[in-house]
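Here is the structure we will look at.
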Amino acid sequence: MVNPEFTIILTTAPLSVTLSFMNKSRSEMCRLCGVLAGASGLNTTLDTLARNITRIMGVKGCTIRVLDERNQTLEIVAAHGLSAAYLGKGPVLLKEHPVDRKVLKGAALSTQDITKEKHVLYLKDAKKEGIRSVLSVPLKSEHKVIGVVRVYTTVPHVFSKEEVEKLKAFAWLGGILADRAKIWDQMQALMRIAQSITSTLSLDVVLQMIVENAARTMGMKAASLRLLDAEKNILEVRAAFGLSSAYLEKGPVEVEKSRIDRECLQCRVIAIKDIRKDKRLQYATELAGEGIASLLSLPLTVKGHAIGVLRVYSSAPYAFHESEIEFLSSLACQGAIAIENARLYEHVRNEYSELARDVWKWYDWGSRFPKI
């Protein structure tokens, strides 16, 4: 019996993809959906998907790679049919691999015979592995391409339109699984930070958790959290992740010189898809030098007033989506709560200190002031 949840997924897929599966391999897809429904954990699920892609498409092997924004590499998260030696041959660096750069922009690309192509990164390793043809399609999470699904054959092969569509459909299914894992990761991140807020009085620990979870959970290059110094009218770094010391020490963010921060401190969410096309940034040159192409800024608000800015950075031009903004807004809210808690604690501590001093003076308790 087919899991009803997967039945809905199939019927809402693009029509051409759905019809292809209905006509050619409906029973295989149904069985695969049943298997995936019973798998636990993202890695196990994607390994199951890679194994079944290999079997159903009749190829040598399959890999599923996810983009590492920070290092601009494609990292293997699942594979089947390939040796450990081949899988461990080295990273896929995007700057050295034009094919994958195109796939990450949404293209499906195939190579009939890799021995006749110059763009293959690890040609010697591929020959030793017995690989001749490769088909690559994008792995999409929501509206964002997050990786590459690839299949390999042992003989030169021209992939048909049907085979391309079939692999696209498998990749689409993998994207749904990745989306579910992403939602779970976001929930876990929010829970960890909430627990930290209630269990520790260290503001620095909580703020560092927020920026790390913002970058890691969203797969972004970096994140930072700055608090407003109202007297100097500057934003000072309180926590950062994925940014170099040189960038962080470039100079203060002066609110008067940074239009984007003035707007954000008016309690507005500011998204910049491509910093090269935006004139509101104080340090546009330094951002580009850091390898940052786009960013999203969210205000940290307490009682309706912005006290700082949470920012995430992408290494490629990127349009942030509503679900991502909602997640980061939750992180910004938790940051504001942690800051307010820390300020209240400091206020109570100071009040207690003053009260203890007064009591000591009034009753003349000893020659030493009591420790607080």
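The values are calculated or read from the model by the stated rules, or taken from the named source; none is laboratory data. Model, not experiment: these values are computed from the prediction. A quick note on method: Cβ atoms are made from the backbone with ideal geometry, for glycine too, and the neighbour counts reach across all protein chains shown.
Sort through Thr111, Thr115 and tell me the only one that's among the hydroxyl-bearing types (Ser, Thr, Tyr) and surrounded by fewer than 15 Cβ atoms within 10 Å (Cβ to Cβ).
Thr115
Quickly run through segment 262-273 and pick out the residues that are under 24 Å from the mean Cα position of the chain (by Cα), part of a loop (DSSP other than H, G, I, E, B), surrounded by 14 or more Cβ atoms within 10 Å (Cβ to Cβ) and not β-branched (Val, Ile, Thr).
Across segment 262-273, the qualifying residue is only Lys273.
For segment 138-152, how many residues meet the condition of being touching a Ser or Thr at 6+ places or on another chain (Cβ under 9 Å) and surrounded by 21 or more Cβ atoms within 10 Å (Cβ to Cβ)?
Going through segment 138-152 one residue at a time, the tally reaches 6.
Could you tell me whether segment 85-97 includes any residue that is in contact with a Gly (Cβ under 8 Å, 6 or more places away or on another chain) and either modelled with pLDDT under 90 or assigned to a helix (DSSP H, G or I) (or both)?
No: zero hits.
It is to be established whether one or more residues within segment 234-247 are charged (D, E, K, R), loosely packed, with under 15 Cβ neighbours inside 10 Å and out of contact with any strand residue (DSSP E or B) (no Cβ under 6 Å at 6 or more places or on another chain).
Looking through segment 234-247, none of the residues is charged (D, E, K, R), loosely packed, with under 15 Cβ neighbours inside 10 Å and out of contact with any strand residue (DSSP E or B) (no Cβ under 6 Å at 6 or more places or on another chain).
Out of (1) closer than 30 Å to Glu322 by Cβ; (2) touching a His at 6+ places or on another chain (Cβ under 8 Å), what's the single condition that is false for Ile176?
Tallying (1) closer than 30 Å to Glu322 by Cβ; (2) touching a His at 6+ places or on another chain (Cβ under 8 Å), Ile176 fails exactly one: (2).
Listed here are the residues, each with its yes/no results for (1) small (Gly, Ala, Ser); (2) assigned to a strand (DSSP E or B); (3) under 17 Å from Glu69 (Cβ atoms).
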| site | (1), (2), (3) |
| --- | --- |
| Val151 | no, yes, no |
| Phe159 | no, no, no |
| Ala178 | yes, no, yes |
| Lys182 | no, no, yes |
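Being assigned to a strand (DSSP E or B) and surrounded by 17 or more Cβ atoms within 10 Å (Cβ to Cβ) is the filter here, so list the residues in segment 302-321 that pass it.
Ala306, Ile307, Gly308, Val309, Leu310, Arg311, Val312, Tyr313, Ser314
Could you please find all residues in segment 230-263 being over 21 Å from Gln208 (Cα atoms) and not β-branched (Val, Ile, Thr)?
Residues satisfying the conditions are Ala230, Glu231, Lys232, Asn233, Glu254, Glu256, Lys257, Ser258, Arg259, Arg262, Glu263.
Could you give every pair whose Cβ atoms fall below 8 Å, whose first residue belongs to segment 214-243 and is of a type in the set (Val, Ile, Thr), and whose second residue is in a helix (DSSP H, G or I), counting only separations of at least 6 or pairs across chains?
Thr217/Lys182; Thr217/Asp185; Thr217/Gln186; Thr217/Ala189; Thr217/Phe327; Ile234/Val255; Val237/Leu248
Could you tell me whether segment 127-145 includes any residue that is acidic (Asp, Glu), part of a loop (DSSP other than H, G, I, E, B) and under 20 Å from the mean Cα position of the chain (by Cα)?
yes
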